[in-house]
Amino acid sequence: MSHYDLIIIGSGPSGRSAAIQAGKLKRRVLVIDRKDRVGGVSVHTGTIPSKTLRETVLNLSGWRERSFYGRSYRVKQEIKAEDLKGRLHMTLDHEVDVLEHQFNRNHVETLHGAAHFIDANTIEVETEAGESTTLTADKFLISTGTKTYRPDYIPFNGTTILDSDEFLDMAQIPRSLIVVGAGVIGVEYASMFAALDINVTLIEPRDTFLDFIDKAIIQDFTHQIKENGVDLRLGSAIEKVEDAGDHVEVTLENGRHIRGEMLLFAAGRMGATDKLKPEAAGLETDHRGRIEVDRKTYQTKISHIYAAGDVIGHPSLASTSGQQGRVAACHALDTPTLGESAWFPYGIYSVPEISTCGMSEEEMQEREIPYEIGEARFRETSRGHIMGLEHGMLKMLVSLKTRRVLGVQIVGEGATELIHIAQAVLNLKGTVDYFVQNTFNYPTLAEAYKIAGLDAFNRMPIPEEFKTPKKKSKK
């Protein structure tokens, strides 16, 4: 039986950052992953593959140049599934290679197999070869991530009716696609394939979608994806899904029928804890397989067991998972560290991109914070003209009382990169005056901050320190 300072179950973003942090602290650390390659869902079926696919689609389709050369413009006339997979496999191989190098450099041991708790201090790992190993540790970190939700009423067949993990292995690109679930994953894939000029129908049983995003941004985004060819069906749940051989037939509760060559079911994910046997360690999971933790330390109710990443639920981002893993490892190994910043960015890699940081207008209203809005359209910037951008906007929310910037929402090209300017200003408690006083490179899309800042600034009361003192009259 081998003993470690820290055993990490799962090698996704949280497990990866925790392992490297523990390695730098010169502790004996082991990472266990049930797959034969490290990286977890993020590298193999989630974040990296979907974003690589997006970049490939936009490049091969010539999407970014169509405003100049017409909607029929394409870099490659006939795009096949093999074209999409080629770049994907190169990227994934590189990611795995980098991760293995980081583990080796920091003396992190790895073991491939399915782990489960025997008790709170012991786990058993079973390999594909049928061998089993029993291990103990002072501390444990659960970073098993999530798995796809597969309800019984969906007749998954692995070819025409797929979940989001299977979707990347499609044999051929369909002529028409039905996407069920207008969450982040569903919206990303639906908008990507619409950019390939595929007929896409996006189904969401609720009347709204992406409710954590500012409504004005969602309205702009909805207009754009509809213009790009996405048929958005909101407000009616699925009654039946039929595998008809050469096509898939969907019946909605409102009586409407939708037909497509392929269906992607992307309505939710579950914590990947069912095979971990957390109850043997005294842990409980909720109805979606997630584990409750202290959000400052990532300790579970069993003090020497930690959990981080998607397995603990919201916000379920690769970026935040990495931060959580680092903080958890430091706390587990009694090492002081900086905590996490109050504001972090959300990024949705749809076509167009959406990214936000801070509060939405709806949150400002709920908290009864008096505010002003500054807006900028990308087409107002010279860089936008050069790039041929017809859409895209940045919305800035400013407190009237303190002049602090409390939220920035962006939809359009480069949104997930641009948002980091907002993140810095929010976490440093900066005001709208920063954007008025400072000069931005010209021409850039970042100028949208200047435009939005001035838009808000010019509507706000002039601060007392800006006013010219009145001269006293001589009598």
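For region 27-49, list residues with backbone N below 18 Å from a point placed 7 Å from the Cα of Asp5 toward its Cβ? Taking a point 7 Å out along Cα→Cβ of Asp5, the residues of region 27-49 whose backbone N falls under 18 Å are 27-32. Hey, for a label at Asp83 modelled as a point 7 Å past Cα toward Cβ, could you say which residues of region 161-186 have their backbone N under 12 Å away? Under 12 Å, as judged by backbone N against the label point of Asp83, lie 173 of region 161-186.
Taking Rh as the Kirkwood radius, which is the inverse of the mean 1/r over Cα pairs, what is the Rg/Rh value for region 273-317? Show your work: numbers first, answer last.
Numbers: Rg = 9.9 Å, Rh = 10.7 Å.
Taking Rh as the inverse mean 1/r over Cα pairs, Rg/Rh reads 0.93.
Given Val411, His391, Ala448, which one lies farthest toward the positive end of the charge dipole of region 346-461, if we put +1 on the Cβ of every Lys and Arg and -1 on the Cβ of every Asp and Glu? My answer, from the dipole projection, is Ala448. Entry note, region 312-437: relative contact order of 25 percent, from Cα contacts under 8 Å with a spacing of 6+ residues.
Entry note, the chain: relative contact order of 15 percent, from Cα contacts under 8 Å with a spacing of 6+ residues.
The residue among Gln21, Met170, Leu338 whose Cα reaches farthest toward the positive pole of the charge dipole of the chain, with charges on the beta-carbon of Lys, Arg, Asp and Glu, is Leu338. In sequence order, region 36-42 has phi-based couplings of 7, 10, 6, x, x, 4, 3 Hz under the Karplus curve 6.51 cos²θ - 1.76 cosθ + 1.60, θ = phi - 60°, and Gly or Pro positions carry x. In whole Å, what is the distance between the alpha-carbon centres of region 254-330 and region 155-185? Result: 22 Å between the Cα centres. Tally Lys and Arg at +1 and Asp and Glu at -1 over the other residues with C-beta under 13 Å from the C-beta of Ile373: what net charge comes out? After counting each charged neighbour, the total is -3.
Give me Rg/Rg_expected for the chain, where Rg uses Cα atoms only and Rg_expected = 2.2 N^0.38 Å with N residues. Please list the in-between numbers first.
Working: Rg = 24.8 Å, N = 475, 2.2 N^0.38 = 22.9 Å.
Working it through for the chain, the quotient is 1.08.
For region 305-359, the relative contact order is 23 percent, taking Cα pairs closer than 8 Å that sit 6 or more residues apart in sequence and dividing their mean separation by the residue count. Working note: Debye formula, equal point scatterers on the alpha-carbon atoms of region 346-461, no solvent; log10 I(q)/I(0) at q = 0.18, 0.23 Å⁻¹ is -0.85, -1.33. Exposed loop sites are taken as GluC sites (Glu not before Pro) in a DSSP loop (any state but H, G, I, E or B) with at most 15 other beta carbon atoms within 10 Å; the longest stretch of the chain without one runs 132-252.
Neighbours of Tyr149, meaning other residues whose beta-carbon lies under 10 angstrom from its beta-carbon, give a summed charge of +3 when Lys and Arg score +1 and Asp and Glu score -1.
What is the sum of charges, Lys and Arg at +1 and Asp and Glu at -1, for the other residues whose Cβ falls under 13 Å from the Cβ of Val179? Taking every Cβ under 13 Å from that of Val179, the sum is -4.
Which helices count as membrane-span-like in the chain under these terms: full DSSP H, at least 24 Å along the axis by C-alpha, Kyte-Doolittle mean of 0.5 or more?
Details: long enough: 81-105 (36 Å, -0.86).
The qualifying helices: there are none.
Summed over qualifying helices (DSSP H, 4 residues or more, each -39500 (n - 2.57)) and divided by its residue number, the chain shows a 222 nm mean residue ellipticity of -9000 deg cm²/dmol.
Given Cβ point charges of +1 (Lys, Arg) and -1 (Asp, Glu) and nothing else, what value in debye, to the nearest 20, does the dipole of the chain about its Cα centre take?
Details: 56 positive and 66 negative charges, 522 e Å.
That gives the chain a dipole magnitude of about 2500 debye.
Think of the chain as having a plus end and a minus end, set by charges on the Cβ of Lys, Arg, Asp and Glu; of Ser67, Tyr371, Val41, Tyr371 sits farthest toward the positive end of this dipole. One chain, two ends: Arg37 and Ser303. Fully extended at 0.36 nm per residue, the span grows by 92.8 nm beyond their Cα-Cα distance.
Bear in mind these aren't lab numbers, they're just calculated from the coordinates by the rules spelled out. Just so you know, these numbers come straight off a predicted model, no measurement behind them. Note: ideal-geometry Cβ built from the backbone for every residue, glycine included; neighbour counts use all protein chains shown.
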